[in-house]
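Take a look at the structure below.
The values are calculated or read from the model by the stated rules, or taken from the named source; none is laboratory data. On a predicted model such as this, the values are computed, not experimentally measured, just so you know. Because the Cβ atoms are built from the backbone with ideal geometry, glycine has one as well, and the counts that use them run over all protein chains shown.
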Amino acid sequence: MYTLIDTHAHMEEISDVSRAVAEAKAAGVVAIIAVGSDLKSNERILSIAQAYPGYVYPALGYHPYNIQPAEIDSNLEFISSHIAEAVAIGEIGLDYHKKVREGADKDVQKHVLRALLELARAHDKPALVHSRYAWQDSLTLVETARVKRAVFHWYAGTSSVLRNIVGLGYYISATPAVEYHPEHRRAVKEIPPDRLLLETDAPVVYGRGTDHEFESRPAHLRRTLAGAAAVKGITEAQLAEITTANARLFFNLPA
């Protein structure tokens, strides 16, 4: 069985965490990076990680979708005060979808991202970056902040920005959407294997509205692996070995 690491899962949104962990272990997943998205979820993530030491690793974040001007300081203060417990800062980033900008406009999102990237740089933590419709702006802020390690989660942006991501030594991650999403498939095909991570973004629903719709769990990382390996034209065994090594290095996880 292949050894895999789910580098991005919203464990606090999964109803039966113990079952999800058991299924993931049975599928060969040896570690899960549990990402936070606001103060409440960060608190829950830390609790889940404490319940599964050495298996679930916490990343503390503030998703652009959840940014509320009145809550920015409290969210930043919580992340700062608990950063020693985290293996990464995330999920953070920019999202220029109209619905997200109604809650926090571009300037507010950039302000929050700059503050979080400064924390990542100061504490030498990797950044897990959400960049929907904001690929170049997100990369520019990461580069300007001089963050050493960053992954652009579920990347589906342009090839030109992708080349710059690679040139700066950063990563992108593949999700189960690699089975069908054209832009995501192209990005995964173009990225060098040594700059690729695998994730599920569980419990996201993939294939919505089709006969293949499913609500993801970390165990579905096998589908990410299979889809990414097919796109890249290499064996699942080869890609599993490469991406698991990438994840251990990126998050500084024990062997």
Check: Going by the conditions given, is Ile172 assigned to a strand (DSSP E or B), surrounded by 18 or more Cβ atoms within 10 Å (Cβ to Cβ) and either of a type in the set (D, E, K, R) or under 18 Å from the mean Cα position of the chain (by Cα) (or both)?
Finding: yes
Check: In the range 217-249, what residues are within 26 Å of Thr158 (Cα to Cα) and touching a Pro at 6+ places or on another chain (Cβ under 6 Å)?
Finding: Arg223, Thr224, Ile242
Next item on the list: Scan the range 181-193 for residues that are in a loop (DSSP other than H, G, I, E, B) and surrounded by fewer than 23 Cβ atoms within 10 Å (Cβ to Cβ) and jot them down.
Entry: His181, Pro192
Note to self: From the list Lys148, Lys125, exactly one residue is charged (D, E, K, R), closer than 23 Å to Ala34 by Cα and surrounded by 23 or more Cβ atoms within 10 Å (Cβ to Cβ). Which is it?
What the structure shows: Lys125
Checklist line | Pairs, first more than 23 Å from Ile5 (Cα to Cα) in the range 152-181, second modelled with pLDDT of 95 or more and assigned to a loop (DSSP other than H, G, I, E, B), C-beta under 8 Å, six or more apart | finding: Gly157/Ser131
Item checked: Residues (over 14 Å from Gly61 (Cα atoms) and either of a type outside the set (D, E, K, R) or surrounded by 21 or more Cβ atoms within 10 Å (Cβ to Cβ) (or both)) located in the range 99-110 -> Val100, Gly103, Ala104, Val108
Note to self: Name the single residue that is surrounded by the fewest Cβ atoms within 10 Å (Cβ to Cβ) among those in the range 234-255 being in a helix (DSSP H, G or I), of a type in the set (S, T, N, Q) and within 16 Å of the chain's Cα centre (by Cα).
What the structure shows: Asn246
Margin query: Any residue that is modelled with pLDDT of 95 or more, in a loop (DSSP other than H, G, I, E, B) and closer than 22 Å to Tyr155 by Cα - is there at least one of those in the range 38-47?
Written below: yes
Next item on the list: Among residues belonging to the range 67-91 that are in a helix (DSSP H, G or I) and of a type in the set (A, V, I, L, M), point out the one that is surrounded by the most Cβ atoms within 10 Å (Cβ to Cβ).
Entry: Ile79
Check: surrounded by fewer than 22 Cβ atoms within 10 Å (Cβ to Cβ), within 19 Å of the chain's Cα centre (by Cα) and within 22 Å of Arg149 (Cβ to Cβ), is that true of Tyr55?
Finding: yes
Notebook entry, point to check: Pick from the range 173-196 the residues that are aliphatic (A, V, I, L, M) and touching a His at 6+ places or on another chain (Cβ under 8 Å): which of them is nearest to Lys148 (Cα to Cα)?
Noted result: Ala174
Next item on the list: Name every residue in the range 97-153 that is of a type in the set (A, V, I, L, M) and either assigned to a loop (DSSP other than H, G, I, E, B) or at positive phi (or both), in order of residue number.
Entry: Ala104, Ala134, Val147
Check: Filter the range 194-219 for residues that are at pLDDT 95 or above and among the hydroxyl-bearing types (Ser, Thr, Tyr); which is surrounded by the fewest Cβ atoms within 10 Å (Cβ to Cβ)?
Finding: Tyr206
Next item on the list: Note down all Cβ pairs under 9 Å where the first residue falls in the range 214-227 and is farther than 12 Å from Gly28 by Cβ, the second is modelled with pLDDT under 95 and small (Gly, Ala, Ser), and they're at least six residues apart or on different chains.
Entry: Phe214/Gly207
Check: Looking at Val166, Val178, Val231, Val161, which one is β-branched (Val, Ile, Thr), in a helix (DSSP H, G or I) and more than 24 Å from Ile92 (Cα to Cα)?
Finding: Val231
Notebook entry, point to check: Just one of the numbered conditions (1) free of Cβ contacts under 8 Å to residues at least 24 places away in the same chain; (2) part of a helix (DSSP H, G or I) is not true of Pro53; which one?
Noted result: (2)
